[in-house]
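What follows is one structure encoded as structure tokens, with my remarks underneath.
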Amino acid sequence: MLQVLVNSIVYGSEIAIIAVGIALSYSILRFANFAHIQYAVVGGYATYAGTKLGLPIVAAIAVGAVLVGGLAVLVDALVFSRLRAIAPEGKMIVSWGVALFIRAIIASVFGGSAIIIETSSSTIQVGGAIFTSLDLIVVLATVGFMVLLQLFLYHTRHGSALRALASNYDLAVTRGIPGDRMIRLMWFVTGAYAAIGGSLIALETRLQPNMDLIILLPVFAAVTIGGLSNVFGAVIGAFVLSLAQNVVIAVDFGSLLGGDPWFVPSQFRDYIAVLAMVVVLVLRPASVRPANA
């Protein structure tokens, strides 16, 4: 059981740092941005390109985060800023088109083959659980960035402005908060966090242009569980979902029913994410309504 908990913490950390960006953007602009997932993929490839140019991993991730943050601002300037007045469903559909466009560019530049980012890690054993030093770095990095986001949102003027926009955009603007400028800041922050999350996942697994399809369901399931516009609720949702997935996969259902050992195949993770979203939407439909950041 300890191994299940460790695996859940590691996987939940990878998902959480991406999920907070979706929740933050939704809290202000009120639409689910599918392109956000693709920003995570771009971040992974940017980190890979940085290492090939000779940058250390940490520096490559940092540069990638800045570049993807800038990309998110650019996409907003070219696309989303022109769609402020249309229905959320329309913006959501457009965001999917943006995601497909970015994926096509990545595939044309880097090809369709999987890419491994070379890293070194050692094995650590605590009790009956085994994990790697890279797993530990991923968890610590996520905790650190969540603390930074907390400090930014609740202890800076810009963070307070973003929360005011999330609470009541029109009222905040009439009171002097520069809405457009704060939206650009929001896109930069969410893009950078997506890039960092994508880089961490790439370090743990591998890079491929359709990596967005692998992380799409768990990220949106985490945000749905935590409340679409609840930034730190998305973090809780990520860990709840990760624990549920790992517990279901670890349970020997065959023995429980008195038969031969039988476990849920690991590829059924996505079905668990879908089931979690359905349960939340049925039992707590109010959780997807706009709320404060």
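Read the figures in this text as sums done on the coordinates, not as results from a lab. Since the model is a prediction, treat every value here as computed from it, not as a measurement.
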What percentages make up the Cα-Cα pair-distance distribution of the chain when the bins are 5 Å wide from 0?
1, 6, 11, 16, 18, 17, 13, 8, 5, 3, 1, 0, 0, 0
Read phi for every residue in region 230-238 and hand back ³J(HN,Hα) as whole Hz from Karplus 6.51 cos²θ - 1.76 cosθ + 1.60, θ = phi - 60°, with x for Gly and Pro.
9, 4, 7, x, 5, 5, 4, x, 5
Rounded to whole Å and ordered largest first, report the semi-axes of the equivalent ellipsoid of region 236-287 derived from its Cα gyration tensor (root of 5λ).
25, 12, 9
Using Cα springs under 10 Å in a Gaussian network model of the chain, which residue among A164, A32, A40 shows the largest mean-square fluctuation?
A164
In terms of the Cα gyration tensor, with a ≥ b ≥ c the square roots of its eigenvalues, is region 1-54 rounded because a/c is under 1.5, prolate because a/b exceeds b/c, or oblate?
oblate
With viscosity set to 0.890 mPa s at 25 °C, what whole-number translational diffusion coefficient in µm²/s follows for region 165-238 from Stokes-Einstein and a Kirkwood radius over Cα pairs?
172 µm²/s
Specify the residue with the greatest mean-square fluctuation among D260, D170, D180, computed from a Gaussian network of the chain linking alpha-carbon atoms under 10 Å apart.
D260
The chain, relative contact order [Cα under 8 Å, separation at least 6], %:
35 percent
Using a 10 angstrom cutoff on alpha carbons, build the Gaussian network for the chain and name the most mobile of T132, T156, T224.
T156
Which whole-number value in Å³ per residue fits the convex hull of the alpha carbons of region 1-124?
139 Å³
Helix axis angle, 57-78 relative to the chain longest principal axis, alpha carbon, degrees
40 degrees
